[in-house]
Each structure stands twice: as structure tokens, then as C-alpha cells.
Amino acid sequence: MIINKATGFALDAGRDGGKYPYGYVNPMTNNDYHLWKVTPNGSGYQIVSKATGRALDAGGNTENPVYMYPNPISGNSYHQWNLNLPGGGPTTQTGSSLAELDKKSRLTIDEIIQYRQLVANLPSSQRATYYRRLQYKVPYFNQRDNGYRNIADSMCNVTTLAACLTFLGIKNPQPSRQFEDVLEDIIQNYSWHGTDTNPRYWWKNFADLARKEFGVSNPGFAMMQGFPVGDVKFIENFVKENWEPSLNNGKAIMTSVSTTSYGHIVKVIDIDWQRGGIVVDDPFGKAQDSPGNSSGKSNYTNFWNTKDRNPVNTQQGQDEGGIGNDNFWSWSYCTEILGATPYLILG
Ligand SMILES: [Ca+2]
Ligand SMILES: [Ca+2]
């Protein structure tokens, strides 16, 4: 954006159907008329509107007003602007392009931030594809290797929250420690209610923590209604109406599941209509997608992450080893482990 120092207004490319620029009172990063592409042009820079593709033109030498020329012309001095900016003006872009980042199977936190910025600049119709792909590029978070090893098996909550925040491009404020251990410290300052017995078991705290500590917007947690086991149509409709639009918009989803007697929390990363089910990052291990689950049965026997992984201070952006990454759960299994369960959409 190009914002005037005196007025605080944004240079907007949209007056008279895009023929003239003007100052808009409220700069908006999601308004393409306020976004400009600045690229070298001869000894200066051309300044092109993202919304219209028109070039800022100085108007000639007959006191014509500055206006928007239909197309940028290389070498046209009326399209060349010298930018008197702090630090000497824009440099050529140092980051990677979206195509380069998209080739990588895993992204660091800085790359995730950059990826999301590049996707946000795409036309809205193109964003969903990339947001859905980004879900698979975010590192895997394992709760059983946490620094707080003695409570690690109760840390699906903060571990999944760390994974969700990382997907949203939120940096770990203490990079020398695992993000989930840092979140554990933070959440212990929150209170809880009812039978939850610890702040990390209280769903409201996940929503509040994300908002207050990291500025992540969310509507608060919601409850999925109960439904009969085996009602595949119900879960398909629920996912289609409630979760898939959020994934398409680049949001993160954490949900409670009854894969263990005391309940568990995973990150929903994809809806796979071809195979018929959802894909999750499960911080505990690889729950077996097999029928006959009940809230009293664990489907992890022999498929949990080991606890002997060293408590390395995993840098955000590195996979923590484990077998719960990108795990597929069929619709029929979903009907056994979802229902009357809380979930939270972040971002
Ligand atoms: Ca961990
Ligand atoms: Ca994953």
C-alpha cells in the first residue's frame, strides 16, 4: 500500500472506473485497489495497480492530472517514478515465489508466513487450492516428545493448538523450546470450569489464548451435535457445511474426538471426498481406522508415538517424528469418534 503521511489515506486506483487515483480514507490490505506492484522501469520504478493493471502515469507536461494509463509501458518516463523511501527504496524481492515455495514438502515458519502472504494476494478464486496444499506442508507436531514429558500424554490440546497456530503463521515466542511447551506455560495462567480440572482441558481457553496472546480471530469453540453411529450422511453434510469452507479460506481446525476413553484432540487438515473421509494430524499416534470403536476403547494399541524420542527443542518448521501425520479416517470411523464433541475454527 501507498499511504500518505499527512492524511493517512491510501492511494486507491479506483476513481472513475479505474481511470484516476485518489486518496481513500481507510487503507485496506484486502482491497486490490489499494495494492500496487512496484517494479524497476529504467532508472525508476513503474507503479501498477493490482486491481486494474493500469500504470500510474504522471499525466504529461501540460498540467494534466496524474492518472492511470491502461497498460504499463517500459521505458515511458511518465511511468517511471523515483521513490524517495527510507532505506533507499524497494529492493528486488528477496523472498521466494509461490511456485518455489509450493514445490517444498515442508515449510519453515518464515516460509509459511510468506506462503500465506502470497496466497492472500491471489484472486479469491485461486486461494483455496493453495491453502489446502499448505496444510500438508506444515510440520507434524508430536505430543509424546514434549519437554514436559511427564504430562505429555495429556498435552494433545496445546500440541494441536501449536500445530494450528503454526499453520496460521504464528511464531513461537520462545524458539528455543517446543511451541506446545510454551503454550502449556501460557495456558496455566487461565482458569477452568466444571469437571475439566486443568486449564489445558477447557476449550474456551484455546479460543481465548489464540485471540489474546496471538491476535488470532475465532468465533469461540462450537459443539458438534450428537448423531447415531453409522450415520455417514450426517457427518458428510456437517463437514461439507462447517469444515470445508474454513479449510478453503485458510483457517485451522482443531476438534475433539473420542479415540480414547478420556477424549483426544487432533487437527483436521483435509477432507478427502475421493477416499471418503477426513485427514488429520494426530499428535498421539495413528488411531486405527477400524469399526467397533467406543469411547472406552483406544484404537492406538501398538500405533502410538514412542516416548523415547529425545526432547529436542524442535525448531518451528521441522517435523517431530511420529506416526500420526496425515492420518486418514473414513466416514464410518468418523461417525464413531465424532459427535457431541467440541471443535474450534481458528483464523
Ligand atoms: Ca512435541
Ligand atoms: Ca501433516
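Taking 7 Å steps out from each Cα toward its Cβ at Asn242 and Arg15 produces label points 4.9 nm apart. Listed by Cβ neighbour count within 10 Å, with the fewest neighbours leading, Met223, Met254 appear as Met223, Met254. Give the relative contact order (percent, whole number) for the stretch 116-346; include only Cα pairs under 8 Å separated by 6+ residues. In percent, rounded to a whole number, it is 29.
Computed from the C-beta positions of Gln117 and Glu213, the FRET efficiency with R₀ = 30 Å rounds to 0.90. With both labels modelled 7 Å from their Cα along Cα-to-Cβ, the Ser74 to Ser125 distance reads 2.9 nm. Geometric descriptor of the chain, per residue, is 173 Å³ (volume of the convex hull of the Cα atoms). When peptides 268-280, 137-149 are ranked by their average number of other Cβ atoms within 10 Å per residue, the highest-first order is 137-149, 268-280. Assuming R0 = 51 Å, what is the FRET efficiency of Phe328 and Leu83, from their Cβ-Cβ distance, to the nearest 0.05? For Phe328 and Leu83, the calculated efficiency is 0.50. Summed over qualifying helices (DSSP H, 4 residues or more, each -39500 (n - 2.57)) and divided by its residue number, the chain shows a 222 nm mean residue ellipticity of -7000 deg cm²/dmol. Listed by Cβ neighbour count within 10 Å, with the fewest neighbours leading, Ser49, Ser154, Ser191 appear as Ser191, Ser154, Ser49. In this simple spin-label approximation, Thr29 and Gln318 carry label points 7 Å from Cα along the Cα→Cβ vector, and these lie 2.9 nm apart.
Just so you know, all these numbers are worked out from the coordinates, no wet-lab data involved. In this text, all values refer to a predicted model and were calculated from it rather than measured experimentally. For neighbour counting, all protein chains shown are included, and Cβ atoms are generated from backbone atoms with ideal geometry for every residue, glycine included.
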